[in-house]
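Step one of this worksheet: look at the structure below.
The values are calculated or read from the model by the stated rules, or taken from the named source; none is laboratory data. Values in this document were obtained by computation on a predicted structure and should not be read as measured data. In this analysis, Cβ positions are derived from the backbone assuming ideal geometry, glycine residues included, and neighbour counts consider all displayed protein chains. Remember, those area values only see protein heavy atoms, side chains included, never the ligands or the DNA or RNA. Shrake-Rupley method; radii C 1.70, N 1.55, O 1.52, S 1.80 Å.
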Amino acid sequence: MSTQEHGAHGGHGHDDGHAHLTGPAQRRRIWMVFWIMFAITAVEFVIAFVMLRGMTRNVLFIGMTLVKAFYIVAEFMHLKHETRNLILTILVPLVFVIWLIIALLVEGTWYGDPWFFGSVAAASEEL
Amino acid sequence: MAHGTSTATKPNSAWRGGVEPYKASYGKLMMWFFLVSDAFTFSTLLVVYGTLRFSSPTEWANPENVFTHVPILTEFFNMHPPLAFVGLMTFILIGSSVTMVLGVEAGHRMDKKTVEKYFILTIIGGIMFVSCQAYEWYNFIVGTPHGSIHLVEAPNVQIERHSADTANAKGPVILVESHGHTVKMVVDSVQDSVNLKGLVGTYQEDHSVRIMNGKHEGWYITKENVTALKTHPENVVKDVKGATLTINEYSQNPSFANLFFFITGFHGSHVASGVLLNYIIFMQVKRGVMHRRGHYEMVEKVGLYWHFVDLVWVFVFTFFYLI
């Protein structure tokens, strides 16, 4: 294909116009993100053992996981410094995942329901 | 066709070719698109996990009670810190992601030696993670030392909170709340009757059974009453040890083990193939292929794959082990 052109372009798709860090400043940022991730994971563990199981705890976990995911995708995978259209191309299709979550949790949890199967024994046989 | 409109297209139009869409190279763009598709696959697996868990007709397992093995601490000191090992695995994988991104940064500066160093660290991290996962699988498959009991039907279990002497069983079996080996004493004897259907209990060293999931998690059935439990005509119980795809000792729902193997196995195979890819590109870097090309973009591309593997683990860790 156009592999010869890659050498000419230098492959640096993000060099134009984005004021992103280089050298020691970038390395500092990378280590900063690592310590942030470490701290969030530590907090998750504390919550896991201190808080009682329930909706609040789950919401906190999911929230912290999304923060970690943001840092991995934006900083480690460098997406924050790519062009806006690439960011949208990657993130907008994830709306289908949101749909899947809502669809299956709202519509899919009838699976073990004895009302649907008529009896609990019948329900457990389905497994 | 379109020959009449060709003069209408601007001379520097992207349709004429030679322009990188999104200012990203072909390889990088395709890696991103592949990662989006893989993200859909993993999301599907995790959503199915949630659906089966929250629609389960029997009680699910409590991950804090299942994943308690730590090398050396468990084998030699009989310690069972819950989720400690999984936390270590998370730390290892995030650490290897950091070394990967530091390698990518070194590649931007054409610093071959540093790229090699960080690649080696990343590969070691990946191998450590897969080894840890193998240890987890082994302990999961083998199970607890004495196995557990599935309480398929156990309708008339009486709770007796006050008596340390549970040999005086009134009714089919007695469920005793105790912390360690001392029974909690309360003033009034409250005799409730509960149905332990759908629960699972693990055999302890003294042959008593500790309930591992559900509302009565942490309660004990003493040794004498375990026998009574098994012989009573209304009860249906089953001794299970270890885990397979069709039955496991942690939950009466086989999907728990099933999904554990599938999700962590699918992720683990991604880690393993990532290690292989990292090794191949590391050898290329070592031979100077990137330097001759004039850019280290291949390092960035396999870096994307590696970070994706880490990202998936963050989600698996939350949904499988924490929630």
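Tally the residues that are at pLDDT 85 or above and more than 22 Å from the chain's Cα centre (by Cα), restricting the search to region B:197-207. First the steps, then the outcome.
Looking only at region B:197-207, we keep the residues that are at pLDDT 85 or above, and these are B:197-205, B:207.
After this cut, where a residue has to be more than 22 Å from the chain's Cα centre (by Cα) as well, the list is B:197-198, B:203-205, B:207.
Counting residues in region B:197-207 that are at pLDDT 85 or above and more than 22 Å from the chain's Cα centre (by Cα) gives 6.
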Legend entry - Of residues in region B:74-90 being under 14 Å from B:Cys132 (Cβ atoms) and open to solvent by 40 Å² or more (accessible area, probe 1.4 Å), the one farthest from the other protein chains (Cβ to nearest Cβ): B:Leu88
Legend entry - B:Lys238 vs. criteria basic (Lys, Arg), in contact with a Lys or Arg (Cβ under 7 Å, 6 or more places away or on another chain) and within 14 Å of chain A (Cβ to nearest Cβ): no
Legend entry - Number of the exception - B:Ser208 against (1) closer than 22 Å to B:Asn139 by Cα; (2) surrounded by fewer than 20 Cβ atoms within 10 Å (Cβ to Cβ): (2)
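Could you say whether any residue in region B:8-17 is at pLDDT 90 or above, open to solvent by less than 60 Å² (accessible area, probe 1.4 Å) and at the interface with another protein chain (Cβ under 10 Å from one of its Cβ atoms)?
At the first step, the residues of region B:8-17 found to be at pLDDT 90 or above are none.
Within region B:8-17, none of the residues are at pLDDT 90 or above, open to solvent by less than 60 Å² (accessible area, probe 1.4 Å) and at the interface with another protein chain (Cβ under 10 Å from one of its Cβ atoms).
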Inset, instruction - Name the single residue, out of those in region A:21-59 being outside any helix (DSSP H, G or I) and under 20 Å from B:Phe319 (Cα atoms), that is farthest from the other protein chains (Cβ to nearest Cβ). - result: A:Leu52
Inset, instruction - Just give me the residues in region B:285-300 being out of contact with any Lys or Arg (no Cβ under 9 Å at 6 or more places or on another chain) and crowded, with 16+ Cβ neighbours inside 10 Å, in sequence order. - result: B:Arg293, B:His295, B:Met298, B:Val299
Legend entry - Test: B:Glu249 is surrounded by fewer than 21 Cβ atoms within 10 Å (Cβ to Cβ) and among the acidic types (Asp, Glu): no
Inset, instruction - Filter region B:20-60 down to the residues that are part of a loop (DSSP other than H, G, I, E, B) and closer than 17 Å to A:Arg84 by Cα, then identify the one that is most open to solvent (accessible area, probe 1.4 Å). - result: B:Glu20
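May I ask you to list the residues in region B:292-313 that are of a type in the set (Ser, Thr, Tyr) and within 9 Å of chain A (Cβ to nearest Cβ)? Give the steps one after another, and end with the answer.
Step one: filter region B:292-313 for residues of a type in the set (Ser, Thr, Tyr), giving B:296, B:305.
Across region B:292-313, the qualifying residue is only B:Tyr296.
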Legend entry - Single condition A:Ala122 does not satisfy, out of (1) facing chain B (nearest Cβ under 7 Å); (2) at pLDDT below 90: (1)
Inset, instruction - Would you point out the residue of region B:125-142, among those that are within 15 Å of B:Tyr321 (Cβ to Cβ) and polar (S, T, N, Q), that is farthest from the chain's Cα centre (by Cα)? - result: B:Asn139
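Being small (Gly, Ala, Ser), open to solvent by 20 Å² or more (accessible area, probe 1.4 Å) and part of a helix (DSSP H, G or I) is true for just one of B:Gly274, B:Gly303, B:Gly265. Which residue is that? Step through it out loud before you land on a result.
Values: B:Gly274 fails: open to solvent by 20 Å² or more (accessible area, probe 1.4 Å); B:Gly303 fails: open to solvent by 20 Å² or more (accessible area, probe 1.4 Å).
Just one listed residue meets the conditions, B:Gly265.
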Inset, instruction - Can you run down the residue pairs with Cβ atoms below 8 Å, 6 or more apart or on separate chains, where the first is in region B:93-106 and under 11 Å from B:Phe129 (Cβ atoms) and open to solvent by 10 Å² or more (accessible area, probe 1.4 Å) and the partner is in a helix (DSSP H, G or I) and modelled with pLDDT of 95 or more? - result: B:Gly95/B:Gly125
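Would you say A:Phe70 is more than 7 Å from chain B (Cβ to nearest Cβ) and at pLDDT 90 or above?
On the way: more than 7 Å from chain B (Cβ to nearest Cβ): yes; at pLDDT 90 or above: yes.
Criteria met by A:Phe70.
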Inset, instruction - Within region B:44-97, count every residue that is over 23 Å from B:Trp219 (Cβ atoms) and acidic (Asp, Glu). - result: 1
